[in-house]
1. Scanning region 128-169 for residues that are assigned to a loop (DSSP other than H, G, I, E, B), farther than 21 Å from VAL85 by Cα and among the small types (Gly, Ala, Ser), which turns out modelled with the highest pLDDT?
2. Across region 50-100, what is the number of residues that are exposed (fewer than 15 other Cβ atoms within 10 Å of the Cβ) and touching a helix residue (DSSP H, G or I) at 6+ places or on another chain (Cβ under 6 Å)?
3. Filtering region 76-94 down to residues that are under 9 Å from SER149 (Cα atoms) and assigned to a loop (DSSP other than H, G, I, E, B), which residue is modelled with the highest pLDDT?
Amino acid sequence: MSNNTGKLILLAGGIATVAGVVYVTNLKNAADKISVKVTKLYAPKLSMKGLSFKLDLQLDNPTSTELTIKRPVVRIFSGTGTNRVELVSSPPSTDKTVIRGNNRTVIPGFPLEMGLAGTLKFLAQNLTDFISLISNKANGEKRLGKTISIDTYITANGIEVVQTDVFNI
């Protein structure tokens, strides 16, 4: 191998390394800037299987880089801060969604299911709140007077992002 061939191989390797670092850096920057927000929380539905929730997720990608994310994992908590108690969470999934650069993607009706045992425990722990809710509805109010927080975990191109939304219900 001639001296020039070795230099060309080193130069090509250096260029490939720099290009790879730039590509990975761009993906990380894009993943860091992605935002996810719960835009709608539907009224929960009670059935013989338990309590089911649905919510709409809005994912914004303010960069020019297209991102592929795994299906979000959503966890709903009663309360905020360090006094939170988990009510329900969605299972992890390998399903993927593409978020185009400089675009918004909405995942409507994202489902969460609380099994019957968890539902019965939740209802028993919050019985007085539900009695208050019935009383409040009779008086024209529609809120339970509780705060819930919703954590949404997304993995965009291998980088995990967690965002929290707080709702007064």
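1. Taking region 128-169 as the starting set, the residues that turn out to be assigned to a loop (DSSP other than H, G, I, E, B) are 139-146, 157-158, 169.
Imposing the further condition that a residue be farther than 21 Å from VAL85 by Cα reduces the set to 139-142, 157-158.
Applying the additional criterion that residues be among the small types (Gly, Ala, Ser) yields 140, 158.
Numbers: GLY140: 63, GLY158: 78.
It comes out as GLY158.
2. Number satisfying all stated conditions: 1.
3. ARG84
The values are calculated or read from the model by the stated rules, or taken from the named source; none is laboratory data. Model, not experiment: these values are computed from the prediction. As a convention, Cβ positions derive from the backbone with ideal geometry for all residues, glycine included, and neighbour counts pool all protein chains shown.
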